[in-house]
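Input: a single structure, listed below in structure tokens.
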Amino acid sequence: MSEFWIVLLSVSAGTVLMSVLSCLPGLHVYNLMGALVLGILALDGTSFAIPAMVYLPAFTGMIVSWAILNTIPAVLLGTPDESALFTVMPGQKYLMAGRGFEGTMITAVGGLAGAFFIVCVMAPLAPRYLPVAQQVLKGHMHWVLWIIITFMLMSEWPKGGNRGPAGWAKFFDAWKTLIAGVITFLLAGLLGFIILTRSPVSHVVAFQNIMPAFVGLFAIPWCLLNIISAASVPPQHTTTSLGINGDVVLRSVWSGALGGGIAAYFPIVTGGVGGMLAGHATAQRDERIFIMGQGVSKFIYYVGAFMLMFVPGLHLTRGGGAWMTKTLFTPLGWADYYLVIGCIAIAAAISYLMMEPLAKVTLKFINRFNYRHVSSVALAIILLMVLGVTGWVGMFIATVATGIGLLPVLFGSRRLNCLGILLLPIACNMSGFGETITGWLGLT
């Protein structure tokens, strides 16, 4: 079989497999990639060794399909990851209006637009300009990260406190969300210091040491909220028109590409943070632009960060997918770059074609079963995944993280503050005083 057909079959298989698995709530593509990397490493040097021509296109297809189709559980089943938080808010509004299918498809169109942006804009320009930008900015990443953290916390404006007698009660009512946001950020940062410095998770599953914490911070609180709340999802219907045009697409690409590009290029700045920054910068108010723009942002964040590893002269490993792939493969030049770009285009086309039938199947599922029961099944799947991968230690970490993740739910602050688990430790380490803090915490 020729190399062309091997690559085509590999990227198609990875895309189709991850497209189906993306519909499972709580499953992240990096969890599955981590398990596959461990398996490939175990087979390396044996007669069953898997060549890069097989696993590299498959990994690309998996990341692309997950970036597009994970919108289905994020909007319809209520278990988003951090980069889907902005999508879920208006997406849940669509769901409660019986338009969940429309919301997911608008986000999918955004993902496809993000694929066009990567292949037609980023791919030609990145090799020429990004290595130069990296040389200029690499000594300034620490203060850029601190500015982003500062803006994220300061933009959590006080709420309430507009009426009532003056005094401490009114002050607390106005500032409780801001205080809760800062406390959430600091507690998540403390947990991040512990996990990243002296992780209690076994070294055998070191790829997944942060996974139980992320599950506890984001997925479990969302499932618990769905189970406890009395809201019921109305019957959903499909549509043949999404009500979008070229103007909506272009404005969505503008805001989404900015947010996703920031998240993909700057270290530890995730899709949720990039989307927040882009939202403030572009001030787009149309709900369709908001939802589609987040689809663009999420695609460029995950896929663009993976692509940066292969850019000649750059070879950045910003995302988890690039970091895991680098343990197996080192890009050699333009041939690998063109291979990945071609795989992105093929995988994006297949993923978009699979979006509609998979979304309709999921809608039939939630129309048939009670939403609380669906959330209970989602929670069970998440807990079994954490237990199976990281054991009881991971379950303990997820429990602690869930307590932190419930603070934004109880006080109405941003769940984005939970990203302090990565932002605070990395920012401190990049600034040179991370070891001092770990010493104070007794982690050295």
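Observations
- Selection from the stretch 57-72 of residues that are modelled with pLDDT under 90 and touching a Cys at 6+ places or on another chain (Cβ under 8 Å): ILE72
- Among the residues of the stretch 325-341, those that are under 18 Å from SER10 (Cα atoms) and part of a helix (DSSP H, G or I) comprise THR325, ALA335, ASP336, TYR337, TYR338, LEU339, VAL340, ILE341.
- Matching helices (runs of 4 or more DSSP H) fully within the stretch 191-310 where at least 1 residues are modelled with pLDDT under 85, farther than 30 Å from LEU441 by Cα and over 16 Å from the mean Cα position of the chain (by Cα): 220-228, 246-265, 271-282, 287-299
- All positions within the stretch 384-406 that are surrounded by 20 or more Cβ atoms within 10 Å (Cβ to Cβ) and among the hydrophobic types (A, V, I, L, M, F, W, C): MET385, VAL386, ILE397, ALA398, ALA401, ILE404
- Any chance MET292 is in contact (Cβ under 8 Å) with a residue 40 or more places away in the chain and touching a Gly at 6+ places or on another chain (Cβ under 6 Å): yes
- The stretch 412-444: number of residues that are in a helix (DSSP H, G or I) and surrounded by fewer than 16 Cβ atoms within 10 Å (Cβ to Cβ): 5
- Residue count for the stretch 352-411 satisfying the condition of being in a helix (DSSP H, G or I), of a type in the set (Phe, Trp, Tyr) and under 28 Å from GLY103 (Cα atoms): 4.
- Residues in the stretch 90-118 that are within 20 Å of ILE262 (Cβ to Cβ) and either out of contact with any Gly (no Cβ under 9 Å at 6 or more places or on another chain) or of a type in the set (Gly, Ala, Ser) (or both): GLY110, GLY111, ALA113, GLY114, ALA115, PHE116.
- Qualifying residue in the stretch 355-368 (condition: under 22 Å from the mean Cα position of the chain (by Cα), within 30 Å of GLY313 (Cβ to Cβ) and surrounded by 17 or more Cβ atoms within 10 Å (Cβ to Cβ)): no
The values are calculated or read from the model by the stated rules, or taken from the named source; none is laboratory data. The structure presented is a predicted model; accordingly, all values stated were derived computationally and were not measured. Cβ atoms come from the backbone with ideal geometry, glycine included; neighbour counts cover every protein chain shown.
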